[in-house]
1. Would you work out the relative contact order for region 194-287, in percent, from Cα pairs under 8 angstrom that are 6 or more residues apart?
2. Have a look at 395, 361, 550 and report the one farthest towards the positive end of the charge dipole of the chain, computed about the Cα centre with Cβ charges (Lys/Arg +1, Asp/Glu -1).
3. Residue 47 versus residue 424, label points 7 Å from Cα toward the beta carbon: distance in nm?
4. Residue 506: net charge of surrounding residues, Cβ under 9 Å, Lys/Arg +1, Asp/Glu -1, itself excluded?
5. Between residue 221 and residue 272, what is the label-to-label distance in nm when each label sits 7 Å out along the Cα-to-Cβ direction?
6. When the label point is put 7 Å from the Cα of residue 458 along its Cα-to-beta-carbon vector, which residues of region 386-405 have a backbone N closer than 20 Å?
7. Classify region 273-411 as rounded, prolate or oblate from the Cα gyration tensor: take a ≥ b ≥ c as the square roots of its eigenvalues, call it rounded if a/c is under 1.5, otherwise prolate when a/b beats b/c and oblate if not.
8. Among 267, 126, 249, whose Cα lies farthest out toward the positive end of the dipole of the chain, if unit charges sit on the beta carbon of Lys, Arg (+1) and Asp, Glu (-1)?
Amino acid sequence: MSRSRTAILAALALVAGASGTALAVVPGDAGIAAAPCTVDYKVQNDWGSGFTASVTVTNNSAAKSSWAVKWSYAGSQKVTNAWNAKVTQSGAAVTAANESYNGTLATGGSASFGFQGTYSGSNAVPATFTLDGVTCNVDGGGPTDPGPTDPGPTGPSTKVDNPYAGAKMYVNPEWSAKAAAEPGGSRVSNQPTAVWLDRIAAINGVNGGMGLRDHLDAALTQKGSGELVVQLVIYNLPGRDCAALASNGELGPTEIDKYKTQYIDPIAAILADSKYAGLRIVNTIEIDSLPNLVTNTGSRPTATPQCDVMKANGNYQKGVGYALNKLGDAPNVYNYIDAGHHGWIGWDDNFAPSAALFKEAATSEGATLNDVHGFITNTANYSALKENNFTINDNVAGKSVRESKWVDWNRYVDELSFAQGFRNQLVTTGFNSGIGMLIDTSRNGWGGTARPAGPGASTTVDTYIEGGRYDRRIHIGNWCNQAGAGLGERPQAAPAAGIDAYVWVKPPGESDGSSSAIPNDEGKGFDRMCDPTYTGNARNGNNMSGALPNAPVAGHWFSAQFQQLMQNAYPPLP
């Protein structure tokens, strides 16, 4: 064997840690053939007597119209149920065969499935996998694996399980400069925030500011020799944000073709540039869109005519599907769909229907479920990450906390429990079992002197909740420039089970909307929910808006809010 071939094979002796992975041999010169298949087996959750696992098989040989992956367990593992594959077991031998809808496996194509199992003793990863009787390569295991789907610099660029793992995040120089110019702002000005592409003009830069290529070029400089994640917000659907006015966009309800050709296609062309292939690009896909079609349409008291129009024409689903399809083509691009927050879709009549609608969108306009790497919750919102002073299972004075005015029969009381619960619902609905969740923690810290040290008085269920909740909004439906809010957890990778990262997608200090009508050329209207004198509507229980005064147009710098966010940060700033 030549020295070059030995080096290539050595580079493939990677370590899986908690996963067993079959890795393709990379064609480095003539005569070295790719392995016929790769298998990525990951234990997602393990509670000592049971576990869930995800498996991705990639076919590197001739295209298939059906497939079967086989492996054997060395221990007592038993598969109890599965999704996206028909899984059978005889003794230690397991066979996972395709379902009717995912039997096609092109050359270079992948299929993913998941399952739940039980065991006693050890839960060792299987040593050998086959695809239709052909053995797939298997790594050796150990602590230095750069990632089960990352064959290193000698191999092709493929997606990793969690793009945030082992990577820095891009610090937006424009936001960083504004933050650093504030008194005390240097304490957070080095934090990574997302770049918002909220109109067509933003692609090339607005008013002399940085465009998408400018940001990606800056990211290459920040990257150095390591990995770096660039976070983008794709936010320009036709009839955008049909239940609000402050964030209405430039495109009318029927301008789906303009959305595709003048917005998504140019972004996709830039992201596909080989110059940026070494960046991990994470897209947050169209916030404040799909959940509106569940909660704000039809006969519901929260319905709006604009949302009824968007539900009828299907352009939200078409736009999201088109974006997923076009942007997800590049192997270094990761799409996360916006999934609202617990105070929006945490109720029983919103929860499963939202997941079903997301699946509809994710299989529209040429998109497939494989174009979805995960979901993000709490984008640009204020829901507390974790309410430590009460749980959804508490009972006070003979009543469940669900009966309190604040919780109002919701199934969730905070974003972490909601994100983990909704992830399970999404997998049940058909999304890949390996999907990860992001949580926007940019403004949900709720610290300072208003942060309760313990639960409220047990006199009634309402005194118990009101005295103990961190989230100090007047109503959970309030969303605009909320008084008393603070910076939340700093961006970090893999902070909890099922969570790929805590992120700052909404740049702290950028307004949610103006407190009064301000003419602008950005297509952004005036929403009374941003007016501190507004007495509310059905979507916030007819309560005061809780908004700060003197706010500028959405996306513009709001110094007073930034100062408040720093003052009330939790964890506190140094």
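1. 35
2. Projecting each Cα onto the dipole axis, the largest value belongs to 395.
3. 0.7
4. Here the count lands on -2.
5. The two pseudo-label positions are separated by 2.8 nm.
6. Answer for region 386-405: 388-405.
7. Values: a/c = 2.97, a/b = 1.58, b/c = 1.87.
Cα axes put region 273-411 in the oblate bin.
8. Among 267, 126, 249, the one farthest towards the positive end of the dipole of the chain is 126.
Here, each number is a calculation from the coordinates, and none is a lab measurement. Predicted model, so just to flag it, every value in this text is computed and none were measured. Positions of Cβ are backbone-derived with ideal geometry, glycine not excepted, and every protein chain shown enters the neighbour counts.
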